[in-house]
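One structure is given below, encoded as structure tokens.
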Amino acid sequence: MDVDNLIEMANRIGEFFDSMPDHEEAVDGVADHIHRFWEPRMRLAILGALDDEGSGMEPIVREALTKHRADLMPKATA
């Protein structure tokens with residue numbers, strides 16, 4: 001999985017939501033979009049990139065991933 005591509009995609013999502021007047025709503029919107037439309041492997045990869053100092057991520061993306069990390073982690077299957 002190309003992490004740089006995922007970061008670029010997340011940054012575009014972040015740019016869209018960053019135009020919202022309510023910053024908290026924008027941060028929540030970024031996380032909600034990633035949770036709803038990204039498959040679990042993609043979410044794990046972007047969270048891994050966040051752990052690697054969030055290189056290249058827009059501030060709103062880093063904030064959304066940090067704030068909603070637990071919700072974005074894929075659920076374990078038995």
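For the reader, a short list of remarks on this structure follows.
- Residue of Asp52, Asp28, Asp18 that the Gaussian network model of the chain assigns the largest fluctuation, springs spanning Cα pairs under 10 Å: Asp52
- Gain in span if fully extended, Val3 to Thr66, counting 0.36 nm per residue against the direct Cα distance: 21.0 nm
- With θ taken as phi - 60° and the Karplus curve 6.51 cos²θ - 1.76 cosθ + 1.60 applied, the whole-hertz 3J(HN,Hα) list for region 29-39 is x, 4, 5, 4, 4, 4, 5, 6, 10, 9, 6 Hz, x standing for glycine and proline.
- Karplus-derived 3J(HN,Hα), 6.51/-1.76/1.60, for each residue of region 43-50, Hz, glycine and proline x: 5, 4, 5, 5, 5, x, 5, 4
- Dipole of the chain computed with +1 at Lys/Arg Cβ and -1 at Asp/Glu Cβ about the Cα centre; of Ala76, Phe37, Phe16, farthest Cα towards the positive end is Ala76.
- Magnitude of the charge dipole for region 3-72, about its Cα centre and with charges confined to Cβ atoms of Lys, Arg (+1) and Asp, Glu (-1), is about 280 debye.
- Span from the region 5-35 Cα centroid across to the region 46-71 one, whole angstrom: 11 Å
- Gaussian network model of the chain, Cα within-10 Å springs - most flexible of Met57, Met20, Met42: Met20
- Paramagnetic reach from Arg41 (point 7 Å along Cα→Cβ, amide N under 14 Å) across region 1-15: 1-3, 6
Coordinate-derived values only; no laboratory data. Note that the structure is predicted; figures quoted are calculated from it, not measured. Positions of Cβ are generated from backbone atoms using ideal geometry, with glycine treated the same way; all protein chains shown enter the neighbour counts.
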